[in-house]
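Notes follow once the structure below has been shown.
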Amino acid sequence: MPNERAERRLTAILAADVAGYSRLMGTDEEGTLARPKAHRRELVDLKIAEHRGRIVKTTGDGILVEFPSVVDAVRCAVDVQRAMAERNAEVPSDRRIEFRVGINLGDIIIDGDDIYGDGVNVAARLEGLAEPGGLCISRKVRDEVRDKLDLAFEDMGEQEVKNIARPVRVFRIAAPVIVQKPTLALPDKPSIAVLPFENMSGDPEQEYFADGIVEDIITALSRVHWLFVIARNSSFTYKGKAVDVKQVGRELGVRYVLEGSVRKASNRVRITGQLVDATTGAHVWADHFDGALDDIFDLQDRVTASVVGIIEPKLRQAETERSKRKRPESLDAYDAFLRGLAHQHVITEASLAQAFEFLKTAISIDPAYAPALALAALCKGRQCVYGWVPWSEPEVQEAVRLARAAVEADRDDPVALAHSSRVLAHFGADYDLAINVAERAAILNPNSAEVRGSVGMTTVLCGLVDDGIRHAKEAMKLSPLDPDTYLFCNIIALAHLFAERFGDAVSWCERAINENPNFITPYRVLAASLAHLGRLDEARTAIRKAFSLQPNQTLERAARAGYRKPEHMAIWLDGLRKAGLPE
């Protein structure tokens, strides 16, 4: 038929291929053939249909799709690339299937089910410019979607591409298209995170009870030396959130995740738990435990024993027994302790005051309850340090008395020992006892970030700066998402200051401040460190910031810090004096 006119239309064209296909085929031919097909069946084809696309044709490693809407084409590509990033999170980098995508808006020639023309060719060339997992678009596409989609575009400028007469203006969809949280490597021993248990009691006031049960399970598991246990503060960042167990495993660097619920009604309680292999999502164990509140500790120990037994079947019963910590004789004392513990985690004037009242109640019921005694000592010490009670002889002596009582009550509770050692050292009450009980705490429970942090502070106060750094860094490793990371950083900064490694001290101070800009101590350590480096203007700026957080600071007050070695106290005070802290 003479002069038959070709059918044309303006359309959005998406071209995609598998990055590094030849290399992948060379290392795993069958797997490389199968995996892209699975991704297409389970993800890509569904997204194309969802966004009203039509698959024009496929090749061994590529696909060509047209869309009636350029906005739909870009949305589809972004959705696919984000989903592929999640799918690849657990896949070794040399085995990942990653797509490169190019999108163009152009005129095409229709030939049956196929399409041709420069519009198609430009899309193919854009695909070639994209990075693995990335997306490149033409200027026409960018102009159409930039006010319709919340995306960032990176201008790659004019690009000369094969068989296209004029340069093509190319834009890359910025890196946030693929959002992945950092993945932590699994440690070389069994590892577990215990997530907050859901409170099924229907009473918000009982939230503390569910939290307390989880904290005790974490503590019991942490005392098994061969088990790597994520600290409470990192686990509790997931509280109240719907979680993907695999994602939790990747973010915390653990193989197993324990989750569950607590239902408390009248004098009865039911604890449910399930242990999940976070690398596969498979359920390893699940059970529930019913009993009277009088037997709550036995129920808790049964949960712990079951979890540990799954991970290491040959674990001896004696090791399970050693994982138990001393319990108060009265449930009411334990109940009051749990309430105090919940308030202690929030360091504000009102919350610490409330925590101390609950802890006094627990101690009045059971005067030999070491966890309550130690936590009360730490609470009173913090009230003095932060200026929320007078730094007077009666207040200081009360903190010291409580710490000594905790040590006398139970020399096998690592958390109680660690907290008590910190108070004894900070107020200069008994450095030898402080370091002895700190070392014992670290031996009893080396896998607790809470213990390691307090022991780190104690050892620095007692002059063992390198030991303090080691313990604080181990705390950060044990609890990678810990909201108290700023405290660990401050310990390390103070240790470097005393060791006259002033540049390192500045770096750790800056990290502590970045974690919590309202925490006063690192500003003072920073000021002293900068002053010793001769950076006096910066030191004075740090002191001004410290004053803005706590106005009543003087050298006399700074000299109350319980630094055992005179040379460390001299470094501290000399630096603050140079930085402009008044007498």
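Quick look at the values:
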read-out: Residue that is nearest to Ala16 (Cα to Cα), among those in the stretch 125-149 that are open to solvent by 60 Å² or more (accessible area, probe 1.4 Å) and more than 36 Å from the chain's Cα centre (by Cα); value: Arg125
read-out: Qualifying residue in the stretch 90-104 (condition: more than 23 Å from Pro36 (Cα to Cα) and aliphatic (A, V, I, L, M)); value: no
read-out: Cross-chain or 6+ apart pairs with Cβ under 7 Å, the stretch 80-93 first and assigned to a helix (DSSP H, G or I), then open to solvent by 40 Å² or more (accessible area, probe 1.4 Å) and at pLDDT below 75; value: Gln81/Ile178; Arg82/Ile178; Arg82/Val179; Ala85/Ile178; Ala85/Gln180
read-out: Residue in the stretch 414-435 that is open to solvent by 40 Å² or more (accessible area, probe 1.4 Å), touching a Cys at 6+ places or on another chain (Cβ under 8 Å) and not acidic (Asp, Glu) present; value: yes
read-out: Selected residue (criterion: most open to solvent (accessible area, probe 1.4 Å)) from residues of the stretch 253-264 that are closer than 15 Å to Ile213 by Cβ and of a type outside the set (Ser, Thr, Tyr); value: Arg263
read-out: Residue selected from the stretch 543-583 under the condition aliphatic (A, V, I, L, M) and free of Cβ contacts under 8 Å to residues at least 12 places away in the same chain, by the criterion most open to solvent (accessible area, probe 1.4 Å); value: Ala570
read-out: Boolean, Gly428 is part of a helix (DSSP H, G or I) and within 23 Å of Arg564 (Cα to Cα); value: no
read-out: Answer residue from the stretch 563-583, given it is assigned to a loop (DSSP other than H, G, I, E, B) and modelled with pLDDT of 85 or more and is nearest to the chain's Cα centre (by Cα) among those; value: Tyr563
read-out: Every residue from the stretch 171-221 that is at pLDDT 75 or above, part of a loop (DSSP other than H, G, I, E, B), of a type in the set (A, V, I, L, M) and touching a Phe, Trp or Tyr at 6+ places or on another chain (Cβ under 7 Å); value: Leu195
read-out: Filter pass, Val101 being modelled with pLDDT of 90 or more, of a type in the set (A, V, I, L, M, F, W, C), closer than 30 Å to Val254 by Cα and in contact with a helix residue (DSSP H, G or I) (Cβ under 6 Å, 6 or more places away or on another chain); value: no
read-out: Any hit, the stretch 102-109, residues being out of contact with any Pro (no Cβ under 8 Å at 6 or more places or on another chain) and surrounded by fewer than 15 Cβ atoms within 10 Å (Cβ to Cβ); value: yes
read-out: Residue within the stretch 493-505 that is over 26 Å from the mean Cα position of the chain (by Cα), buried (at least 24 other Cβ atoms within 10 Å of the Cβ), farther than 24 Å from Ala406 by Cα and aliphatic (A, V, I, L, M) present; value: yes
read-out: Scan of the stretch 436-465 for residues that are open to solvent by 10 Å² or more (accessible area, probe 1.4 Å), over 14 Å from Lys565 (Cα atoms) and in a helix (DSSP H, G or I), ordered by number; value: Asn436, Glu439, Arg440, Ala442, Ile443, Leu444, Glu450, Arg452, Met457
read-out: Residue list for the stretch 383-436, filter: over 25 Å from Met569 (Cβ atoms), at pLDDT below 90 and hydrophobic (A, V, I, L, M, F, W, C); value: Val415
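Matching residues to (1) surrounded by fewer than 16 Cβ atoms within 10 Å (Cβ to Cβ); (2) at negative phi; (3) assigned to a loop (DSSP other than H, G, I, E, B); (4) of a type in the set (Gly, Ala, Ser):
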| residue | (1), (2), (3), (4) |
| --- | --- |
| Leu10 | yes, yes, no, no |
| Arg23 | yes, yes, no, no |
| Gly26 | yes, yes, no, yes |
| Lys37 | yes, yes, no, no |
| Glu42 | yes, yes, no, no |
| Lys47 | no, yes, no, no |
| Val56 | no, yes, no, no |
| Glu66 | no, yes, no, no |
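The values are calculated or read from the model by the stated rules, or taken from the named source; none is laboratory data. This is a predicted model, so every value here is computed, not measured. Backbone-built Cβ (ideal geometry, glycine too); neighbour counts: all protein chains shown. Calculation scope for accessible area: heavy atoms of the full protein, side chains included, ligands and nucleic acids excluded. Shrake-Rupley method; radii C 1.70, N 1.55, O 1.52, S 1.80 Å.
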